[in-house]
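Since the structure comes first, as structure tokens, the remarks are kept for the end.
The values are calculated or read from the model by the stated rules, or taken from the named source; none is laboratory data. Note that the structure is a prediction, hence the values are computed from the model and not measured. All Cβ positions, even for glycine, are placed from backbone atoms using ideal geometry, and neighbour counts span all protein chains on display. Areas reflect the complete protein model, heavy atoms only, side chains present, ligands, DNA and RNA absent. Shrake-Rupley method; radii C 1.70, N 1.55, O 1.52, S 1.80 Å.
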Amino acid sequence: MYPFVETIRIKDGKAMNLVYHQERLNRTRKHFWADSRELTLDELLPEIPQVEGLQKARVVYDETGITLREFAPYFIRNVKRIKVVTDDTIDYTWKSTDRSVLTLQRDKAKEYDEVIILRNGCVTDTSYTNLCFFDGKNWLTPDTPLLRGTMRQSLLDKGIIHEAHILKEDLASFKKVSLINAMMDLGDLELSMDSIHP
């Protein structure tokens, strides 16, 4: 079994959405190792480099606890063209260091910057983000994500985005799309629907 990982947004020396990362980490550990103890926030990130700007903290863990902490500057990728691909059996329920199922989808459209993955006709995620679609009034996120991301859950809890069942044929009805993950908030990477190629 591969180790699991949390990717945490550090903005100007402050960790964002840390409670959501702690909850997912402990839920993962309990699922795979029922007798494992819960890890505290202090154990997750005991020290944070006080650096201005955006940093990415990568925290790797397994049954024994946290095995690696890495910090690096983070820069948002340049995404302009997205291809829709399909895999009806893909599963990435748990945030593992093994991303091969996602890389396989990404490799289906190497001439594009990113992919949107369909599973059984339903919109899920890209290879590295959750998705939010703007219908002219509300931001909607698919209720069938591959991974229930921490930024996604935070935005849902705040009522900023709402879950919806989104099929491939629904994509044409939206005005724009925002790619979100632990490192990118709603609007940080926003594209017109023209950027998505069926």
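I'd like the full set of residues that are part of a loop (DSSP other than H, G, I, E, B), among the hydroxyl-bearing types (Ser, Thr, Tyr) and farther than 22 Å from Tyr20 by Cβ, limited to the stretch 39-88. Give the derivation first.
From the stretch 39-88, those part of a loop (DSSP other than H, G, I, E, B) are 39-40, 45-53, 63-64, 74-81, 87-88; that's our starting set.
Next cut, among the hydroxyl-bearing types (Ser, Thr, Tyr) only: 40, 64, 74.
Result: Thr64, single match.
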Within the stretch 89-112, can you find the residues that are within 23 Å of Cys132 (Cβ to Cβ), open to solvent by less than 50 Å² (accessible area, probe 1.4 Å) and in a loop (DSSP other than H, G, I, E, B)?
Ile90, Tyr92, Lys95, Tyr112
Ser127 passes all but one of (1) closer than 24 Å to Ile10 by Cβ; (2) open to solvent by 20 Å² or more (accessible area, probe 1.4 Å); which number fails?
(2)
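Of Asp62, Asp12, which residue is on the phi > 0 side of the Ramachandran plot and either in contact (Cβ under 8 Å) with a residue 24 or more places away in the chain or open to solvent by less than 20 Å² (accessible area, probe 1.4 Å) (or both)?
Numbers: Asp62 fails: on the phi > 0 side of the Ramachandran plot.
On inspection, the qualifying residue turns out to be Asp12.
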Is the stretch 139-155 home to any residue that is closer than 20 Å to Glu23 by Cα, basic (Lys, Arg) and within 17 Å of the chain's Cα centre (by Cα)?
yes
Within the stretch 24-38, considering residues that are open to solvent by 40 Å² or more (accessible area, probe 1.4 Å) and part of a helix (DSSP H, G or I), the one farthest from Ser154 (Cα to Cα)
Phe32
Yes/no for Ile66 being β-branched (Val, Ile, Thr) and farther than 24 Å from Asp157 by Cβ
yes
Go through (1) open to solvent by less than 20 Å² (accessible area, probe 1.4 Å); (2) within 26 Å of Leu104 (Cβ to Cβ) and name the single condition Ile161 misses.
(2)
